[in-house]
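*Asks:* Here it is, the structure, as C-alpha cells.
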Amino acid sequence: MCGRYGRTTSAAHFAKLIEAASPEDVADVPGYNLPPGGMRACALRTPRDNSLKMGSAWWGLIPSGAKDEKFAPINARSETVASKQPFSNAFQKRRLLCAADYWIEWQKREEGGKQPWLIRPGDGEPFFFAGLWTQAKGLPSDHKLAGAVTFTILTGKPHDDIAHIHSRQPLALTNDAARAWVDAPADASVEDLHGILEDGVVRSYESWPISTLVNKPSNDEAAIIERV
C-alpha cells in the first residue's frame, strides 16, 4: 500500500519529465512526509481540451456522486480496479500521475511494533505513481472540496527488492510508461491498460530504515528520511 510519500523535486521538473504544461496551482514546497488528505502535485489530461497539465489534486478519491468524504480511498488494487466501483470508470477514462521522489512503508518487527523504511527507484530519480481521479461534484457547494479533483494511488504486488518490507507496493512508473498511462485513449482495452502497468513499473529499488519520527505527519523535515 502507500500511505505516506515525499516529493522534494520541483513540480516544474516533473512537468518536463512528461512534457506536461507547467503547474500553475501547486504549492511547490518540499514535502518530506506527505500523508493522505491534502493537495498533492499530479498530472492528468484535462477534460476540456485533453491537454496534459501538472496541478494539484486531493489525495483520497471521493466518488463523483458522494455527498460527503467519509469514503475516500487513498489506494486501489490494480488487479481489480477495472471491475470494481468507484474505480472502474476512472480506470477507463480518468487516469492520473502523482509526482514523488520516494515513499515510506512500515515493516512489522518480530519483537513487535513497526520499522519505517524509505523506498525509491534504484537510480534515485524522481518518478510518478499510477493513479486514478474523479471530480467531487456531489459535495455541497460550501464544502472545501466541492468540485475538486481527487485521486487514489494504484498498488500491486511488491518487487523482489522490497518484498521483505511489505506485501504491497504503489505502482511506480518509468517516464515512458507514465506518458503511456495518461495518453491511452478512453476506448483502450483493459488488457492494454494492465499491460502499461505491468510492463512500465520501475524494475529496481533501493531502501533503508528511517526514524520513527516519520510516524507523525507533522514531522516534515529532511532529517526524518536519513538512514538509522
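We did not get these values from a lab; they are worked out from the coordinates using the rules stated. Computed from a prediction, not measured in an experiment: that's the story for all the values here. Glycine gets a Cβ as well: all are built from the backbone with ideal geometry, and neighbour counts include every protein chain shown.
*Asks:* Could you list which residues have their amide H under 5 Å from that of Lys137, counting only those 5 or more apart in sequence or on another chain, with H placed in the peptide plane?
*Replies:* Residues meeting the criterion, in which the H sits 1.01 Å from N, are Gly147.
*Asks:* Separate question: If you keep only loop residues by DSSP, which trypsin sites (Lys or Arg not before Pro) in the stretch 1-77 have at most 12 other Cβ atoms within 10 Å of their Cβ? Don't skip to the end; give the middle numbers.
*Replies:* On the way: sites: Arg4, Arg7, Lys16, Arg40, Arg45, Arg48, Lys53, Lys67, Lys70, Arg77; in loops: Arg4, Arg48, Lys67, Lys70.
Filter output for the stretch 1-77: Arg48, Lys67, Lys70.
*Asks:* Show me, for the stretch 75-84, the HN-Hα J-couplings you get by feeding each phi into the Karplus relation (A = 6.51, B = -1.76, C = 1.60, θ = phi - 60°), rounded to Hz, glycine and proline as x.
*Replies:* 3J(HN,Hα) across the stretch 75-84, in whole Hz: 10, 9, 6, 4, 5, 10, 5, 5, 10, 10.
*Asks:* When only C-alpha pairs under 8 Å and at least 6 residues apart count, what is the relative contact order of the chain, in percent?
*Replies:* Over the chain, the number comes to 22 percent.
*Asks:* Count of lysine pairs in the chain with Cα atoms under 15 Å apart, counting only pairs 8 or more residues apart in sequence or on different chains?
*Replies:* Taking the Cα cut-off of 15 Å, the pair count is 7.
*Asks:* What ³J(HN,Hα) values, in whole Hz, does the Karplus curve 6.51 cos²θ - 1.76 cosθ + 1.60 give for the stretch 123-130 when θ = phi - 60°, with x put for Gly and Pro?
*Replies:* Coupling constants for the stretch 123-130: 7, x, 8, x, 8, 10, 7, 6 Hz.
*Asks:* Moving to a separate point now. D for the stretch 1-151, whole µm²/s, Stokes-Einstein with Kirkwood Rh over alpha-carbon pairs at 10 °C and 1.306 mPa s: what number?
*Replies:* Estimated diffusion coefficient is 98 µm²/s.
*Asks:* To the nearest 500 deg cm²/dmol, what mean residue ellipticity at 222 nm is calculated for the chain from DSSP H runs of n ≥ 4 alone, each contributing -39,500 (n - 2.57), summed and divided by the residues?
*Replies:* -4000 deg cm²/dmol
*Asks:* Calculate one ³J(HN,Hα) per residue across the stretch 49-55 by plugging θ = phi - 60° into the Karplus curve 6.51 cos²θ - 1.76 cosθ + 1.60, and present them in order as whole Hz with x for glycine and proline.
*Replies:* Those phi angles translate into 9, 6, 7, 8, 9, 8, x Hz.
*Asks:* Moving on. Just to be sure I follow the definition: excluding the sites themselves, where is the longest run in the chain that has none of the GluC sites (Glu not before Pro) in a DSSP loop with at most 15 other Cβ atoms within 10 Å? Don't jump to the answer; show the numbers that get you there.
*Replies:* Numbers: sites that count: Glu19, Glu24, Glu79, Glu110, Glu111, Glu221, Glu226.
It runs 112-220.
*Asks:* Name the residues whose placed amide hydrogens come within less than 5 Å of the amide hydrogen of Ser207, ignoring near sequence neighbours (fewer than 5 apart) on the same chain.
*Replies:* The answer is none.
*Asks:* Would you please state the base-10 log of I(q)/I(0) at q = 0.14, 0.15, 0.16 1/Å for the stretch 21-106, with intensities from the Debye formula using one equal scatterer on every alpha carbon?
*Replies:* -0.57, -0.66, -0.75
*Asks:* Count neighbours as other Cβ atoms within 10 Å of each site's Cβ, and list the chymotrypsin sites (Phe, Trp or Tyr not before Pro) in the stretch 55-153 that are DSSP loop with at most 15 such neighbours.
*Replies:* Those satisfying the criteria are Phe71.
*Asks:* Rule-of-thumb check for the stretch 140-218: C-alpha Rg over 2.2 N^0.38 Å?
*Replies:* Ratio of Rg to 2.2 N^0.38 Å for the stretch 140-218: 1.46.
*Asks:* Rule-of-thumb check for the stretch 119-174: C-alpha Rg over 2.2 N^0.38 Å?
*Replies:* Relative to the 2.2 N^0.38 Å estimate, the stretch 119-174 comes out at 1.57.
*Asks:* What is the Cα radius of gyration of the stretch 57-215 over 2.2 N^0.38 Å, N being its residue count?
*Replies:* That works out to 1.10 for the stretch 57-215.
*Asks:* Count neighbours as other Cβ atoms within 10 Å of each site's Cβ, and list the trypsin sites (Lys or Arg not before Pro) in the stretch 105-139 that are DSSP loop with at most 15 such neighbours. Please report the intermediate quantities before stating the final value.
*Replies:* Numbers: sites: Lys108, Arg109, Lys114, Lys137; in loops: Arg109, Lys137.
Counting only loop positions with at most 15 other Cβ atoms within 10 Å, the trypsin sites (Lys or Arg not before Pro) in the stretch 105-139 are Arg109, Lys137.
*Asks:* With angles folded into 0 to 90 degrees, how steeply does helix 190-200 sit against the dominant principal axis of the chain? Use alpha carbons for both and round to 10.
*Replies:* The two axes meet at around 30 degrees.
*Asks:* Under a point spin-label approximation (7 Å from Cα along Cα-to-Cβ), what is the Glu110-Ala27 distance to one decimal in nm?
*Replies:* Taking the simple label geometry, Glu110 and Ala27 are separated by 4.3 nm.
*Asks:* 5 Å is the cut-off here: which amide hydrogens, built 1.01 Å from N in the peptide plane, fall below it relative to Met54, excluding neighbours closer than 5 in sequence?
*Replies:* Counting only residues 5 or more places away or on other chains, the set is Ala21.
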